[in-house]
Every structure is written in C-alpha cells, then in structure tokens.
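Remarks on the structure that follows.
The values are calculated or read from the model by the stated rules, or taken from the named source; none is laboratory data. Just so we're clear, the structure is a prediction, and the values are computed from it rather than from any experiment. Here the Cβ positions follow ideal geometry from the backbone for every residue, glycine too, while neighbour counts run over all protein chains shown. With ligands, DNA and RNA removed, areas are computed over all heavy atoms of the protein, side chains included. Shrake-Rupley method; radii C 1.70, N 1.55, O 1.52, S 1.80 Å.
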Amino acid sequence: MKAAVIVFPGSNRERDIAYALELTSGVKPAMVWHGDSALPAGTDLVVLPGGFSYGDYLRCGAIAARAAIMDAVRAHAAKGGLVLGVCNGFQILCEAGLLPGVLMRNSSLKFIARNVHLRVERSNTPFTRRYNAGAVIEVPVAHGEGNYIADDETLKRLEAEGRVLFRYSDAAGTVSQSSNINGAMNAIAGIVSDNGRVLGMMPHPENHVDPSIGSTDGRALFESLAEALETA
Amino acid sequence: MKARVTVTLKTGVLDPQGKAIEGALKSLGVDGIDSVRQGKVFDLELGGADKAAAEAAIKAACDKLLANTVVENYRIEIL
Amino acid sequence: MKARVTVTLKTGVLDPQGKAIEGALKSLGVDGIDSVRQGKVFDLELGGADKAAAEAAIKAACDKLLANTVVENYRIEIL
Amino acid sequence: MNPNEPKIIPEPKNLPEPKITPELVASHGLKPEEYQRILTLIGREPTFTELGIFSAMWNEHCSYKSSRLHLKTLPTKAPWVIQGPGENAGVIDIGDGLAAVFKMESHNHPSYIEPYQGAGTGVGGILRDVFTMGARPIAALNALRFGDPDHPKTRHLVSGVVAGVGGYGNSFGVPTVGGLVGFHTRYDGNCLVNAMAVGLARTDGIFYAKATGVGMPIVYLGSKTGRDGIHGATMASAEFGEGAEEKRPTVQVGDPFAEKLLLEACLEIMASDCVNAIQDMGAAGLTCSAVEMGAKGDLGVELHLENVPTREAGMTAYEMMLSESQERMLMVLKPEKEEEAKAIFRKWGLDFAVIGHTTDTLRFVVKHHGEVKADLPIKELGDEAPLYDRPHVPTAPLAVIEPESITPPLSNGAALVKLLGMPDLASKRWVYEQYDSIILGNTVQRPGGDAAVVRVEHGPKGLAMTADVTPRYCEADPFEGGKQAVAEAYRNISAVGATPLAVTDNLNFGNPERPEIMGQLVGCIRGIGEACRALDFPVVSGNVSLYNETFGRAILPTPTIGAVGVIDDFSRSVGIAPQAEGDEVFVLGN
Ligand SMILES: Nc1ncnc2c1ncn2[C@@H]1O[C@H](COP(=O)(O)OP(=O)(O)O)[C@@H](O)[C@H]1O
C-alpha cells in the first residue's frame, strides 16, 4: 500500500491516521503538504484526515477543498484511485464535489465526542471487505458538524445504489432516532462515490485500532484497504 | 469601495441550525417567531475604484468560495 | 410578517473567519478584495400582524440568543 | 494560503499622550504608594506608556505581590524536577529522555464577562505556555466552578464556558481528558475557569525565555496585534462590581486555528535549532514577554513598535504594549538561522517581523516612529515590583458537631437519592462529551474516572493526570483543606496505578486586602506545602487568582491542585468500572 495523507493547515488527526495505516499495513504513509501540486508517484490511497482545516471557518472543509493539492486528488479519484476522508476529510470531499451532500451543524448544536455504534451496511467494498455486512462496530465520533444532508433525489440514489456504508445504530444494529447522534438523514455516517472508490465518513476508525485504547473495531477498515490494494 | 455579500440557504434545503434556534427561542419564552433560517453576510473592502471590476471580483469570490452553490444562494450589494 | 436580522462583529473585534477567508481568496487568485469580515443573517417569519409586537419579539430574540452583544452588533429590518 | 507579509502602516505623527493624574493612576489599578514607588524608582514622572507598562508588570496577576512571600514556602525540588516555578511551565523528568511539561492557569474574570471567548482563550493561553517550552501538548484538563444551578446566570455561563473550552481544545487538537465541575452559590457572581495543559518534550529539547547575546534581533510571530483585552490583566485582578458590564469590549477573541499553526511553526523552528529564547505573549502581552526575556538574560531590550504587525490602524504605543491579542510569540532567533526560520513562518502562513533587538544597557526602551515612549530599568520592572506581607487572620475553627446531636432529616434511601441528584455528584458526561478526549489516539483512561491516563508516544509508558480540590473543606479549615486537596490529587493518581510525581496549583481566592481572605490563602498554602513535603510531591508551576469577589462577597477558597504521575506500563492502569460480576470489593485505609 502506498498511502498519502494530505496535511492542511489545521488538520489535527493526521498523526492518528498515519499510525493506524502503518500499524495495519506495515508501511508508513507519505505526509503530503496541501500546497503541493502532485501526489508522490505510485500513490494508491489518498487519505484526508480529521481536524479543523482552516479553523473550520466559513464552512467546514470549504477552504481546504480548494487547496492546490486537491486537483491531484480529483485526478486520482477520476482514475479510480482510492480516497478515504474521515471527519473533516469527509467534509472536504463534499465541498470538493467528490461526494454529494453537505455536513451541517449537529442537530443538538453541540460538539459530540463519544463512542458510537455503526452498522456496516456492505462488506463487498475495498473499505469494508474485512467486516461482515450487518456487523456493528464501536468507534468514536468527535465533531460539531456531522449532520449529513442531501436533496431527496440524491438520497434516493445513494440508497438505491447501496452507497451508504455506515449508519449510526445501537449496539444491536437497530437504527433509530435515538441512535442517530447528529440528526443525519437516514442516520448516514459514511457514503461512497458512484464508483465505490471514494469513502467519506464522520466517525474515527483510526482511533480504535489498539486493544488498550478503546477497542480494535476500526482496524478492519485499514486492513480491508491494505488487502484490497495487495490483491488489486 | 465597500460591498456586502449575503449568502442564504436555498428554499427547501433543511436548516438544522435555524430549527434549533426556533426551539431555543420558544424555551427562552420569546413568542411569535414562527420560523428562522440562518445565513451569512460578508462585509468586503475593495481597493480599486472600478465598480465593474469590483463586481467581477466579488462574483468570482462567491462562486469559488463564499457560497456553496449546491445548497446556497448569494446576493451582492455594492455599498 | 417577515424580518431580517443582521449580526456583525463590533469594530476592533478579531474575526478569525474573515482573516482565513482573505487568505484563501488570495491563494485562489481572486484579487482586489482587501478585507473580509463575516457576520450572520437570520430570516424570520412572524405570525402576528402587529409590527410593534414583532419588533419587540425580535429584539428579545437578538438580546437573548441571536447576537452575543459583548462582541456583536445587530440590526433588525422588518420586510 | 499566502503568507501575510508584515505590513507597516504609515503613521507619521504619534498622538499626544494624556497627562498623568491621580485618577489615571488609580484607573490603572495602582495604589498611591505604588505610584510613589514608581517615582522613586525612575526619578521622574512616568509617561503614559510607562504607566501602562508599570500597571501591567505590577498588577497582582503578573507580580504575585500578595502571594509571593507565601508561595516561596512551597517545596519545589526533587531529583526528577527539571524546571520548577518561574518559567512558562514546570518540567519533570519521566525517564527515557522524556519530560512532562505542565501548568494550570485561571481565566476567571474574562470567562464571567464572555464565557465562550474567556474560557477558550484560557485554554489557548495555557497551551501556549506549554509549547513555548518546546513541548507538544498531549492533554488538557479543566476545573470549573459555577454558582447555584438556579441562579439566572449559571446556565448561560456553564454552556458558554464548556463550549469555549471544547471549541478551543478540539480545534487545536489536544485531548481534554479530565477536570471537575462544581456548583455553589458563592460562585454566583464569579465563576472559576482553571485550565491545565500537559505536554511532552525531550529532556534535551527544553526552551526558555532567557535571551543571550547583545544585538540579537527580537522577532514577533503569530496573529496581528489588535486592541483586544487592553487592560485585560488589570481587569483579571480587579474586584467585580456594578461597572463590570462596561468592561466588555476589552474581551479577547481566540483563534485556535492560528494557535495550531503557531504550535507547528514553533516546534518546527525549535527542531531546526533556530531559537535562542522564546516567550509567549500572554497576560500583558508584549510588555511582560519582552521585559522577561531581557531581564532573565541580564540584557536590555529596545523595541521599534512601528514594525509590530497590527490589525487596526492608528494603534498607539500604549495600546501595543498592553494589547492582549492572542496567539502571539516573541523570540530571539539565532542570527545564522534567521532565513531558515522565516521560511518556516511563511510555510505556516504566520505574520512575523523583527521588532527590536537586545542591548547591553539593561534598559527597556520602547520607540514608536523614532520617538521614545518608554525608557525604564529592565531588571527593576520585575524585581522592584511591590511585595506585600498583607495582614492575615487565621480562620476561626468551627464548632465540633457531635454526631449524636443530629437527627437525620431523611431516611438513608431518600438521602442517597437526593445525593445522586445533586449537581456536584451527578454525571459530568454532558460536559466532557463536548470535549474531544481521544484525539491523538493515546487516551487510555478517558474522563469519568479518578485520573486520566495518556499513553506516552506509543507506550508502554503512560502519564496520569488529575485536577482536584474540595472548597468547602478549605473554607472550614484552610490548612486541612489545602492538605486534603493535595492528598486527593495524589490518591487520584495512585488509584489508576501510577506513581504521583509533581503538582501544579491554581489558587483562587477573594480580596487579599481583607485579613480573613489572606488568612485563607496563607492557611491553604501552608497545608499544600505540608502535604507536598510529606508526599515528596513538589510544586513545579502554578498560578494565583485573587479578587474573586462580587459586592464584597468572596468565592469559597479554591486552591485547585493539578497533578501528574507516571506509569511504566499504561496497559496495567485501572479505571473505576467493575471488571466482572462477583469481583470482591475492598476498602483500604481507615
Ligand atoms: N470539566 C471537566 N472536563 C473534563 N472532564 C471532567 C470535567 N468535569 C468532570 N470530568 C470528569 O468526570 C469525572 C467525575 O467528576 P466528579 O464527579 O467531579 O468526580 P470526582 O469527585 O471523583 O473528581 C472526573 O474525574 C473527570 O474525569
């Protein structure tokens, strides 16, 4: 796996995700500065990490989405390259037009930092092949604006095409209003692009990869990617 | 030259913040406000004196950055 | 009845958002915009027909919630 | 983003400064005898800018004039202490060539006036204290005290302060791992916001404020200077009264994004060996930082204020010297590394400018467009600050209550339910779930237990940390209350399996000019000292916040104790959750 983690001013989980990538694949990812115009040669996975790029000012992810490196990220995605955006990374992908919809203020209007349960909706993707479809995982969230919103037509398409990979649920996998921590439409926690190669998700699988730190429920996502890239 | 850009959500786009404010106003005992939608304003200062050039710059700023035209509309006023 | 409340930062109060936007516009190649200050607008709908009551309600909303009068000013327009 | 190159605002004429009158002196929080001290020291009437500089240097917040005498009695040494009180933060050796750098600081008055910004900038200030020393912050804690839950202002203060603490720490990217929240009517008009930060550095990579060498360029780095918080440090030490609301516009606004850039830029220039001395601009901004840099290095300092990056046009020397704009640093660079450092500042998009140089005159000279606005003896500004041995009376012991004399008003069951419903004992989830407690991926014991445990790098070592105090004990008996706070912090650290190493304290009290209040302060400090000596638990940093009163009513004496300990294998730390059904429960101690 040749992963590139993009670092924007205000990114703050780039080290967390680099650690998870290295732990699961054995390879250190390249850290790529937002002002660069090209990805390292041979990059097969681009990761947009969590954080508050540009302070989350204006709209979360808006300024980062227009950074120089994003043209290279778009080109990588257009070629069918894998892209993972977590939290602020998801917001950036939406602002950059690589994923549909927007992430708005949590319905509680408060920042939410705690463990949540996610139902894994599909297992036949490069991001989730090491999970079983319908599995419930426990990972943390830490965001103020994770309330996913899209217009009706987009939402219908996302559902019809099976592009929702993760939903907020309870420990038994039941999705209800009370498990939907931020008010997201259809309790959406993560979606993929129409070719299934770009994933944006609000929760932080990278923070649950160590048995002594929370749990290891997030690990399989990175193992899935490593495996997908190995067998590709 | 001074200008103001007002960015508002398109009709039909859900505004969770506005909804939450509606609720908060009720619980604060402020009555009579039925609906709230939140938007943004940007007060700009421009160096040049050419109005057309200023408008073009502001329009570019809106399209490229200030508004997310998927869900937002904008309006420019030169003051 | 419809009304618009515009909330802006008091002069001299730091606006980190505006500062970040100025920088972003420069790097996007949008020239000529020297300074940006960001504020909020709230578009309100009110049920009653009494203008004075509406104004009073809006003023209460601003003081209690919509504006942080320590650092922000607000303006009410009944439309 | 393009770097904003420093802009020099042309300002050919300086405004005339106001005349010094007794009223002006008083409005700077200086007592007539303190003003007399200034006249004796400099042998002439100070200029307006100089008066501002003295007011900043000599107020309670910067000079510790009421507490210094007593703070000196605290134990500060142990073989593992690398740096005790007196620097931006304390430093202890935790083995393997690593050091923990930590401190706690209050932002009480600003948080009462504007809870979101006040609390946020409090967090920002303490983070800067830690990374100024070369440490990357790895955890934050916060100790909060509010008035009665039914008091009309409490709700607003709680939600604003909690959002502000979270808003700053979450964006900056430090896990907020612990703290405390308490309520009591004595905090109705004066909430307490004590923020603590813990950072990690290499023992051979600690940076200090002391400048060396004559003619060295002094560099300003960070956000531009505005009129924020002018008189903020003076406000932070002024008793509240009717006029408090009018002091509002002086509130500083925090920019955690700028702080994050400042952190990365500072750590990068430190790693590139560009830094000779560094000091953050905290309370009393440019004044305190520049004076300290020179005085500690036995050097003079000359500043040229027209080079200071400003946000507003027409700022005067007085305003620039007293501004408390946030996210700013002052440093002396190694001359041969200047270009390398500047490239780093540009990369992070930060404003910077050379605004002065060190001299061999031991004078603090401030010039603005060539005009001398201040020319003061640099050492004496700090060393000759007033020092008070304020009269104090011991707190009268309370009458002993015999248990037999009390008829329980409630049955045990009803009492338990009542206790569980008390805000002080209720779960604090509502608070700490607004704080990102797991960012950086090292939080082993999260909020909700006795002490937090954070893995050091990727282990196996861990650091344990806590903040604690029980104000009603301190009110009943300051000496015992001070001891108890230290003992509880020590127990919190022990309870997770770590070895307690050192303490930072934040002493929050009322008006020290009242002998009863001074008695509480003296008693608590004696108690803290006694417990720390007994436990070999030195105090390595701290902060004092006095004048926490409204209309003559003081807060409960609240000496918050922050503590740090080390555990060799973090995976052996324990939390408060029972592990399995059928586990046995033991009580240790009497
Ligand atoms: N302001 C806060 N910030 C972060 N964590 C907090 C805060 N207040 C309380 N907590 C967490 O909740 C736990 C329980 O708090 P508290 O009820 O005060 O317990 P204790 O009396 O045992 O210290 C604390 O140990 C801490 O981890």
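Structural remarks
- Compared with the dominant Cα axis of chain D, that is its longest principal axis, helix D:256-271 is turned about 70°.
- Apportionment of accessible area to carbon and sulfur, chain D, percent (1.4 Å): 55 percent
- Dmax and Rg, reported as Rg then Dmax, of the stretch A:3-230 (C-alpha, Å): 15.8, 45
- Cα centroid separation - the stretch D:444-511 against the stretch D:290-332, whole Å: 36 Å
- At least 40 Å² of accessible area lost relative to the chain alone, listed for the stretch A:98-113 with a 1.4 Å probe: A:VAL102, A:MET104, A:ARG105, A:LEU109, A:LYS110, A:PHE111, A:ALA113
- Neighbour cut-off at most 10 other Cβ (10 Å), DSSP loop, GluC sites (Glu not before Pro), the stretch D:482-590: D:GLU581, D:GLU584
- For A:ASP210, the residues 5 or more places off, or on other chains, whose built amide H falls under 5 Å of its own are A:SER215.
- The Cα atoms of the protein assembly as shown cover 80, 80, 69 Å along the three principal axes, with the biggest extent listed first.
- Buried surface for the D/C pair, taken as the accessible area of each chain alone minus that of the pair with a 1.4 Å probe, is close to 1200 Å² in total.
- Accessible surface of the stretch B:2-78, 1.4 Å probe, proportion on carbon and sulfur as whole %: 53 percent
- Remark: relative contact order (chain C) = 53 percent; criterion is Cα-Cα distance under 8 angstrom and separation of 6 or more residues.
- Cα-based equivalent ellipsoid of chain D: semi-axis lengths in Å, sorted from largest, via gyration tensor: 39, 28, 22
- Helix D:154-172 axis, angle to chain D major axis (alpha carbon atoms, nearest 10°): 60 degrees
- Rounded, prolate or oblate (a/c below 1.5 giving rounded, otherwise prolate when a/b exceeds b/c) for the stretch B:2-78 by Cα gyration tensor: prolate
- Set A:LYS110/C:LYS51; D:LYS77/D:LYS461; D:LYS418/D:LYS483; A:LYS110/D:LYS428 screened for pairs whose C-alpha atoms are more than 27 Å apart: A:LYS110/C:LYS51; D:LYS418/D:LYS483
- Over the protein assembly as shown, DSSP H runs of length four or greater, each weighted -39,500 (n - 2.57), average out per residue to a 222 nm ellipticity of -9000 deg cm²/dmol.
- Ranking B:THR69, D:THR407, D:THR121 by solvent-accessible area of protein heavy atoms (1.4 Å probe, all protein chains present), from largest to smallest, gives D:THR407, B:THR69, D:THR121.
- Sites A:ALA38 and D:GLU312 - FRET efficiency at Förster radius 56 Å, r taken between beta-carbons, to 0.05: 0.90
- Sequence of D:GLU33, D:GLU268, A:GLU14 when ordered by accessible area, the most exposed leading, probe 1.4 angstrom: D:GLU33, D:GLU268, A:GLU14
- Largest to smallest in accessible area, the residues A:GLU230, A:GLU22, D:GLU259 fall in the order A:GLU230, A:GLU22, D:GLU259 (1.4 Å probe, all protein chains included).
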